[in-house]
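Structure first, commentary second.
The values are calculated or read from the model by the stated rules, or taken from the named source; none is laboratory data. Quick caveat: nothing in here was measured; it's all calculated off a predicted structure. No Cβ is skipped: glycine too gets one built from the backbone with ideal geometry, and neighbour counts run over all protein chains shown. Note: areas computed on protein heavy atoms with side chains; ligands, DNA, RNA excluded. Shrake-Rupley method; radii C 1.70, N 1.55, O 1.52, S 1.80 Å.
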Amino acid sequence: MKGDFTSFMEAALAEARKAGAEGEVPVGAVVVHEGRIVGRGRNRTRAGSDPTAHAEIEAIRAAARALGRERLEGCDLYVTLEPCAMCAGALAHARIRRLYYGAADPKSGGVAHGARVFSHPQCHHVPEVYDGIAEAQAAALLRDFFAARRGGGEEG
């Protein structure tokens, strides 16, 4: 089954690379249903002047449109970076079955760090969470992006 993780995470990494090439923070996501990708997303906050246009939100929106329903039961989401609190909340509302993510985000994460959205009793749906999938590749994309932008200065 590890091969499945790698193949779908590679699709998320491809979306992250596209985001980076567009000047966005390189985060990518895909939603998988019954072994096929039904939604793709990448960070588009700058392009759309939309602070909610994170990769996970874009992928969830695409999957919901493709499947014609707002609840994505039976769907898995692969994302290159630990979701923030906003995205973790969206995953719970969408009823994502499993979350696979690459790099941890100690600064802005909302799953294993920070808000830890899924650990709150107010969170009515908790996906299975698997971290560290293609972590080195995902972390390298982010590290290289921010190094190029700051030239040794501040991040973000």
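If you go through region 127-134 one residue at a time, do you hit one that is within 21 Å of Gly23 (Cα to Cα), assigned to a loop (DSSP other than H, G, I, E, B) and either at pLDDT below 95 or open to solvent by less than 30 Å² (accessible area, probe 1.4 Å) (or both)?
no
Would you confirm whether any residue within region 61-80 is under 14 Å from Val25 (Cβ atoms) and among the acidic types (Asp, Glu)?
Checked against the condition, which is being under 14 Å from Val25 (Cβ atoms) and among the acidic types (Asp, Glu), region 61-80 yields no hits at all.
Can you tell which of Cys87, Cys75 is over 12 Å from the mean Cα position of the chain (by Cα) and more than 23 Å from Ala148 (Cα to Cα)?
None of the others qualify; the one that does is Cys75.
Find the residue count for region 43-102, including only residues that are open to solvent by less than 20 Å² (accessible area, probe 1.4 Å) and free of Cβ contacts under 8 Å to residues at least 24 places away in the same chain.
The total comes to 1.
Pairs, please: C-beta under 6 Å, at least 6 apart or cross-chain, first residue farther than 12 Å from Leu141 by Cα and in region 7-31, second of a type in the set (Asp, Glu)?
That search, which allows pairs on different chains as well, returns Ala29/Glu56.
Could you tell me which numbered condition Arg40 fails, if it satisfies all but one of (1) within 23 Å of Leu141 (Cα to Cα); (2) without any contact (Cβ under 8 Å) to a residue 24 or more places away in the chain; (3) open to solvent by 50 Å² or more (accessible area, probe 1.4 Å)?
The number of the failed condition is (2).
Taking only region 112-125 into account, find how many residues are surrounded by 15 or more Cβ atoms within 10 Å (Cβ to Cβ) and either closer than 12 Å to Ala92 by Cα or in contact (Cβ under 8 Å) with a residue 60 or more places away in the chain (or both).
3
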